[in-house]
Amino acid sequence: MKIPAGLQPFVIEHLDIILVVEDNLDDQLILHYLLRKQIPGILPVGATSVEQAFTYLTNCHTQHFALPSLILLDLYLPDPGDGWKLLRQLRNHPVYQNIPVVIVSSSTDLNDIEQSYQCGACSYLIKPITLEGWEQMLQSIPPLFRK
């Protein structure tokens with residue numbers, strides 16, 4: 001497995017990549033730390049915008065690097081609808097359409113949840129406010145991409 005140069009300082013063989021698309025750097029840091037702590041054999045890679053995430057995926061595909069096994073996607077990056085924009089792009093792309101996407105959002109609005117599923121999300125997780133809540137939430141992640 002190869003990881004695009006410049007996105008990680010080193011290459012580690014036999015890891016599942018999880019792309020974390022989150023514009024809040026505190027939330028991204030928490031996710032990266034807890035993913036590495038709780039799920040052996042994964043490598044979190046971060047993107048802070050729709051453009052950055054799609055560029056990463058495009059580079060993986062065109063340079064024959066490993067695609068992520070899972071994408072964790074915030075809905076508001078920071079604009080409402082940016083997450084759905086990326087989700088629609090992924091679901092309509094022949095190479096990326098089968099990558100599982102989990103929405104991780106602070107929104108509890110039922111319309112946001114419903115629209116996320118309509119756009120092709122495989123799960124919707126509400127961001128917790130405590131570290132313990134984050135740890136508990138991430139316990140549901142491994143079965144989503146290790147089948």
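The values are calculated or read from the model by the stated rules, or taken from the named source; none is laboratory data. These numbers were taken from a predicted model, which means no experiment stands behind them. Heads up, the Cβs are rebuilt from the backbone with ideal geometry, glycines too, and the neighbour counts pull from every protein chain shown.
It is to be established whether one or more residues within region 91-104 are more than 18 Å from ASP27 (Cβ to Cβ), out of contact with any Gly (no Cβ under 7 Å at 6 or more places or on another chain) and surrounded by 20 or more Cβ atoms within 10 Å (Cβ to Cβ). Yes - at least one qualifying residue is present in region 91-104.
Scanning region 52-77 for residues that are part of a loop (DSSP other than H, G, I, E, B) and buried (at least 21 other Cβ atoms within 10 Å of the Cβ) yields PRO68, ASP74, LEU75, LEU77. Looking only at residues of region 80-99 that are assigned to a helix (DSSP H, G or I) and of a type in the set (A, V, I, L, M), we find that the one that is nearest to GLN136 (Cα to Cα) is LEU87. Every listed requirement among (1) crowded, with 16+ Cβ neighbours inside 10 Å; (2) more than 14 Å from the chain's Cα centre (by Cα); (3) within 20 Å of ALA53 (Cα to Cα) is met by GLY81 save one, (1).
Within region 119-135, residues that are free of Cβ contacts under 8 Å to residues at least 12 places away in the same chain reach partners that are among the hydrophobic types (A, V, I, L, M, F, W, C) with beta carbons closer than 7 Å, at six or more positions or on different chains, in the pairs PRO128/TRP134; PRO128/MET137.
Looking at region 116-145, which of the residues that are of a type in the set (S, T, N, Q) and either surrounded by fewer than 18 Cβ atoms within 10 Å (Cβ to Cβ) or more than 14 Å from TYR76 (Cβ to Cβ) (or both) is nearest to the chain's Cα centre (by Cα)? Out of the qualifying residues, it is SER123. A residue that is part of a strand (DSSP E or B) and out of contact with any helix residue (DSSP H, G or I) (no Cβ under 7 Å at 6 or more places or on another chain) can be found somewhere in region 100-111.
Name the residue that is modelled with the lowest pLDDT, counting only residues in region 112-147 that are aromatic (Phe, Trp, Tyr) and touching a helix residue (DSSP H, G or I) at 6+ places or on another chain (Cβ under 9 Å).
Of everything passing the filter in region 112-147, TRP134 is modelled with the lowest pLDDT.
One residue stands out among those in region 38-51 that are in contact (Cβ under 8 Å) with a residue 12 or more places away in the chain and surrounded by fewer than 18 Cβ atoms within 10 Å (Cβ to Cβ): the one that is farthest from VAL95 (Cα to Cα), which is GLN38. Contact map, region 70-96: first residue over 24 Å from ILE42 (Cβ atoms), second residue part of a loop (DSSP other than H, G, I, E, B), Cβ cut-off under 6 Å, separation 6 or more or different chains; pairs are PRO78/ASP23.
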